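The values are calculated or read from the model by the stated rules, or taken from the named source; none is laboratory data. Owing to the predicted nature of the structure, the values given are computational and were not obtained by experimental measurement. Reconstructed Cβ throughout: ideal geometry from the backbone, glycine too, with neighbour counts over all protein chains shown. Quick note on the areas: whole protein, heavy atoms, side chains included, nothing else; ligands and nucleic acids left out. Shrake-Rupley method; radii C 1.70, N 1.55, O 1.52, S 1.80 Å.
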Amino acid sequence: MHGSGYGSGSGYGSGYGDGSGHSDGSGYGYGDGYGRGYGYGRIFAGGRSYKLTSPTLTTRHGFVWPVSGTVEVTGPFSARPDEPCPQYEGDGLCVGLTRAALTAGELTFSRPNRLLLVEVDPDDVLGADATKLRAKRVTVVREATAEEWDEVER
């Protein structure tokens, strides 16, 4: 199921994305202020949006992720639409779209670490670039299968 996600971005850029995921194609567009645009449809885990955790489902600052369900942080949120990573605890939840983005921190893309398939509503996106998103709310769909580990874009 693919839709198109179009949207205007902040600054001087405009966003366009393929909207991979939900068939409704709802979109989020983001411009970085330098004429580069990024766009996202409603991002679903069918090969697009992930969270890599330790074997105990923890990430930075000891945050514990569920195997399924909605996770939300309440801020305060920084006004940085071009930044996909939280600046401080409570500044959003970071999810990756590629293997490189998932391993930008301290975790390696290998077992026994765990890979979660996640969904992010465009209205919950606080910041983004071409490979990561920072959101105030993320829904964990389930843990990835062995085959899905192999499908993550490098």
Taking 7 Å along the Cα-to-C-beta vector as the label spot, tell me the Arg154-Ser54 distance in nanometres, rounded to one decimal. 2.9 nm
In whole Hz and in residue order, list the ³J(HN,Hα) couplings for segment 139-154 that follow from phi through the Karplus curve 6.51 cos²θ - 1.76 cosθ + 1.60, θ = phi - 60°; x for Gly and Pro. 9, 7, 7, 4, 7, 5, 7, 4, 5, 5, 4, 5, 7, 5, 4, 7
Between Thr145 and Thr98, what length in nm is gained on full extension when 0.36 nm per residue of separation is reduced by their alpha carbon distance? 15.3 nm
Determine the order of Asp82, Asp123, Asp129 by accessible area, beginning with the largest, at a probe radius of 1.4 Å. Asp123, Asp82, Asp129
